[in-house]
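The values are calculated or read from the model by the stated rules, or taken from the named source; none is laboratory data. Note that this is a predicted model, so its numbers are computed, not measured. So basically every Cβ, Gly included, is an ideal-geometry build from the backbone, and we count neighbours across all protein chains shown. Ligands, DNA and RNA are stripped out before the accessible areas are found, and what is left, the full protein with its side chains, is counted by its heavy atoms. Shrake-Rupley method; radii C 1.70, N 1.55, O 1.52, S 1.80 Å.
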Amino acid sequence: MKGSDFMKIVREKTPLVHHITNYVTVNDCANVTICAGGSPVMSDEAKDIVDISRISSAVVLNMGTLNERTVESIIISGKVANENGIPVVFDPVGAGASAYRNEVADRVLREVKVDVIKGNAGEIGVLSGIGGEVRGVDSVSSNNEKLATEALAKKYNCVVAMTGKTDYVSDGERTITLKNGHDLMGCVSGTGCMVSSVVGCYVGANGVSVDSVAAAISTFSIAGEIAAETANGPGTFKVNLLDSLFNLTCEKFDEMRKVE
């Protein structure tokens, strides 16, 4: 399959993507899910998420704004997804920034079978054990980004996506390098969370694989490049990003994609 074929299938199937995400970016994640071709549901209430998780095409678990109630909901939703064969995407936002975040990330990865881990260089470096540095929820550095991505994939037997200037997607055996994107993507809060939503759409519609995850990241990054062409700054870029993602064609995807 070509990368654009994954996008076509998402738009045909309109996967339902259940999110437990942070309150900084919840609306952005909902909108980007719609623009990518999916259907979002955003619920973190324990009494609600069992039924919601069961009927979803994918579950996206994001620990950006942690509290004890949502941590329990993350675990419940992940376990329900596991029981029903539904892909779980885990975004360990800020892992490495505090002892509590490290504790929560470790608990999620112990108690839930995660299918995809999507993080920045610092987060992936910390979780892999190879080393990384995180300030707040932002990556400062990682010692070896490609190696850390591959090591974490092997550690948890899953697909790992490390996003940054260069993106890496690996299942521990095969690694894809992606080089689309624009600097303005780092000037808007929540673009990392939005990527996880797009990944949820793609694995929900296409199944979990290095190729489906890589296609999701390429879709979002290419939309970012197109959005930057007419943006005057972060504000107009954010609006353009949603429009560009919504209007992206298979032909434009294949023309612009930079993949190794």
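Okay, here's what the table says:
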item: Any hit, segment 131-142, residues being crowded, with 24+ Cβ neighbours inside 10 Å, touching a strand residue (DSSP E or B) at 6+ places or on another chain (Cβ under 8 Å) and either modelled with pLDDT of 95 or more or in a helix (DSSP H, G or I) (or both); result: no
item: Condition check for V210: of a type in the set (A, V, I, L, M), more than 16 Å from V32 (Cα to Cα) and touching a Lys or Arg at 6+ places or on another chain (Cβ under 7 Å); result: yes
item: Every residue from segment 26-39 that is surrounded by 24 or more Cβ atoms within 10 Å (Cβ to Cβ) and under 14 Å from C193 (Cα atoms); result: C29, V32, T33, A36
item: Restricting segment 60-75 to residues that are closer than 20 Å to V198 by Cα and at pLDDT 95 or above, the residue that is surrounded by the most Cβ atoms within 10 Å (Cβ to Cβ); result: V60
item: Residue selected from segment 5-21 under the condition touching a Cys at 6+ places or on another chain (Cβ under 7 Å) and crowded, with 21+ Cβ neighbours inside 10 Å, by the criterion nearest to L248 (Cα to Cα); result: M7
item: Selection within segment 40-54 - open to solvent by less than 40 Å² (accessible area, probe 1.4 Å) and of a type in the set (G, A, S); result: S43, S53
item: Residues of segment 76-100 satisfying the condition of being part of a helix (DSSP H, G or I), over 21 Å from V159 (Cβ atoms) and either open to solvent by less than 10 Å² (accessible area, probe 1.4 Å) or among the aliphatic types (A, V, I, L, M) (or both); result: I76, A99
item: Residue list for segment 16-38, restricted to those being more than 16 Å from L61 (Cα to Cα) and of a type outside the set (V, I, T); result: N31, C35, A36, G37, G38
item: Residues of segment 22-45 satisfying the condition of being of a type in the set (D, E, K, R) and modelled with pLDDT of 95 or more; result: D28
item: Close pairs from segment 2-24: first in contact (Cβ under 8 Å) with a residue 60 or more places away in the chain and more than 22 Å from A46 (Cα to Cα), partner of a type in the set (D, E, K, R) and surrounded by fewer than 20 Cβ atoms within 10 Å (Cβ to Cβ), Cβ under 6 Å, at least 6 apart; result: G3/R257; S4/D254
item: Number of positions in segment 82-127 that are among the basic types (K, R) and under 18 Å from the mean Cα position of the chain (by Cα); result: 3
item: Residue check for T236: in a helix (DSSP H, G or I) and open to solvent by 10 Å² or more (accessible area, probe 1.4 Å); result: yes
item: Test: residue in segment 160-183 that is aromatic (F, W, Y), within 21 Å of P87 (Cβ to Cβ) and outside any helix (DSSP H, G or I); result: yes
item: Residue that is in contact (Cβ under 8 Å) with a residue 12 or more places away in the chain, of a type outside the set (A, V, I, L, M, F, W, C), farther than 17 Å from N180 by Cβ and surrounded by 24 or more Cβ atoms within 10 Å (Cβ to Cβ), where the choices are G204, G224; result: G204
item: Selection status of S57, on the phi < 0 side of the Ramachandran plot, surrounded by fewer than 24 Cβ atoms within 10 Å (Cβ to Cβ) and at pLDDT 95 or above; result: yes
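Per-residue answers, yes or no, for (1) assigned to a loop (DSSP other than H, G, I, E, B); (2) within 28 Å of V59 (Cβ to Cβ); (3) open to solvent by 10 Å² or more (accessible area, probe 1.4 Å); (4) among the basic types (K, R):
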| position | (1), (2), (3), (4) |
| --- | --- |
| A153 | no, yes, no, no |
| G186 | no, yes, yes, no |
| A216 | no, yes, no, no |
| T230 | yes, no, yes, no |
| D243 | no, yes, yes, no |
| K252 | no, no, yes, yes |
